[in-house]
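Derivation of every value follows stated rules applied to the coordinates shown; laboratory data play no part. Fair warning: this is a prediction, and the values are worked out from it, not measured in the lab. Because the Cβ atoms are built from the backbone with ideal geometry, glycine has one as well, and the counts that use them run over all protein chains shown.
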Amino acid sequence: MGDAMGFAPDVEVRCREYRIGCIGAGFIMADVHLMAYHEASFPVVAIASRTPARAAEVARRWSIPTVHDTPQALIEDPQVEILDIAFPPDQQPGLIRHALTQPHIKAILAQKPLAMTHAEAQAVVAACRDAGKVLSVNQNMRFDQSMRVLKQILDRGALGQPVIATIEMRAIPHWQPFLEVYDRLTLLNMSIHHLDVLRFLFGDPEEIYTAARPDPRTRFAHRDGITVSTLRFPSGVLAVSLEDVWSGPREPEFESDIYIKWRVEGTDGVAQGTIGWPDYPKGSPSTLRYASRTATGGKWVQPNWETMWFPHAFKGVMEQLQYALKTGTTPALDGADNVKTMALVEAGYRSLAEGRAVQLAEFGV
């Protein structure tokens, strides 16, 4: 079970009563969402994807009773109350807008990124608000166990005033084929995790400066392969997020050294750890250790847990939406809040284009 030392690395499932329809049957849905939902006993009643045969295969695997030939048909299925979308971001807004016309759909869990641009994300959120539908965006790194415990440590003041934070990624994401035709790669599809979780930890930054280069080891055209973003927060916190999405030569003779590491230093302590995702599907828990003048007497201590970001954190993602729907409250991963993460991504692209630090006020944040 591990010893979490009084912290809560995983959420309590408080609601599991709304019927879920899933759009998408690729890796993230078939191996992560649906595994988490199965463990949490969330009722999944239907599935559809771009390839009906693939949807049928995934339905058999997870005992989903209904398979639709198209995403549109699933959206129109009156038994679906929550729509869970894992689809390319250029197509996702259209599916959301179709869902807004269906009275039986009460809430939507959209994949990140919500859209290709900040302006389109704003438009989608406004449409959901006008239609009275609850929109949540799957920024699932906020439910990674080390990030949840780090947030609890910060909220308790154990590190004092935060001073500097870093996230360093040297790992290889699964670039879905549809990304190859976009002109946006790492910032929109991978850095977005780190930029969002920095907002979760420290609030909205004042400015971002992003540098990037094409990665010659990524075999399709792109402009933002390796990215480094520096964020400055109103509190004075300085944060750096680095994404190296190839991580060294990959020939068979090279031993792997992939990882995601993070560190936060404050006036009264320091916390550091790793994100367990890079060795998926083998899987390992994320880690955290911290030393605090006030909480640990300056000694390093390490809370432990056995659950992992993939797939266990995805229970929290769906749970927070179901609970918000049941209680009439705002989801923890609220669509309106996610517009601010999209603004941060957009500001990063403007920084790349113009070679300057960009104020988030330029996007109304």
(request) Between Arg14 and Glu57, with labels modelled 7 Å along Cα→Cβ, what's the label distance in nm to one decimal, could you check? (result) 3.9 nm
(request) Using label points projected 7 Å from each Cα along Cα→Cβ, tell me how many nm separate Phe178 and Lys151, to one decimal. (result) 2.7 nm
(request) Evaluate the distance, in nm, between pseudo-label points positioned 7 Å from the Cα of Ser41 and of Ser235 along their respective Cα→Cβ axes. (result) 3.8 nm
(request) Determine which residues of the stretch 222-246 fall in the zone a paramagnetic label at Arg213 would reach in this model, i.e. backbone nitrogen under 19 Å from the point 7 Å along Cα→Cβ. (result) 222-230, 241-246
(message) Can you tally the net charge around Arg232? Count Lys and Arg as +1, Asp and Glu as -1, for every other residue whose Cβ sits under 10 Å from the Cβ of Arg232.
(response) -2
(message) Placing unit charges on C-beta atoms (Lys and Arg positive, Asp and Glu negative, everything else neutral), compute the dipole magnitude of the stretch 184-236 about its Cα centre in debye, rounded to 20.
(response) 320 debye
(request) Place a +1 charge on the Cβ of each Lys and Arg in the stretch 250-294 and a -1 charge on the Cβ of each Asp and Glu, then give the dipole magnitude about the Cα centre in debye, rounded to the nearest 20. (result) 300 debye
(request) Let me know the charge dipole size of the chain about its Cα centre in debye, to the nearest 20, where only the beta-carbon of Lys, Arg (+1) and Asp, Glu (-1) is charged. (result) 340 debye
(request) Grab the other residues whose beta carbon is less than 13 angstrom from that of Ile172, score K and R as +1, D and E as -1, and report the net. (result) -1
(message) With N set to the number of residues, divide the alpha-carbon radius of gyration of the stretch 166-284 by 2.2 N^0.38 Å and report two decimals.
(response) 1.13
(request) Provide the per-residue ³J(HN,Hα) series for the stretch 10-26, in order, calculated from phi with Karplus coefficients 6.51, -1.76, 1.60 and θ = phi - 60°, each as a whole number of Hz, with x at glycine and proline positions. (result) 10, 7, 7, 7, 9, 8, 8, 10, 9, 7, 10, x, 10, 10, x, 9, x
(request) Compute the signed sum of charges (Lys and Arg +1, Asp and Glu -1) over the other residues within less than 15 Å, Cβ to Cβ, of Asp244. (result) 0
(message) Could you work out how much longer the chain between Thr327 and Asp90 gets when fully extended? Use 0.36 nm per residue separation minus the Cα distance between them, nm to one decimal.
(response) 82.1 nm
(message) Please compare each pair in Lys106/Lys151; Lys151/Lys315; Lys112/Lys282 to a cut-off of 20 Å on the Cα-Cα distance and tell me which ones are over it.
(response) Lys106/Lys151; Lys112/Lys282
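Counting other C-beta atoms within 10 Å, and keeping those with at most 16, which DSSP coil chymotrypsin sites (Phe, Trp or Tyr not before Pro) do you find in the stretch 111-205? Intermediate results must be reported in sequence, preceding the final value.
On the way: sites: Phe143, Trp175, Phe178, Tyr182, Phe200, Phe202; in loops: Trp175, Tyr182.
Within the stretch 111-205, the qualifying chymotrypsin sites (Phe, Trp or Tyr not before Pro) (loop, at most 16 other Cβ atoms within 10 Å) are Tyr182.
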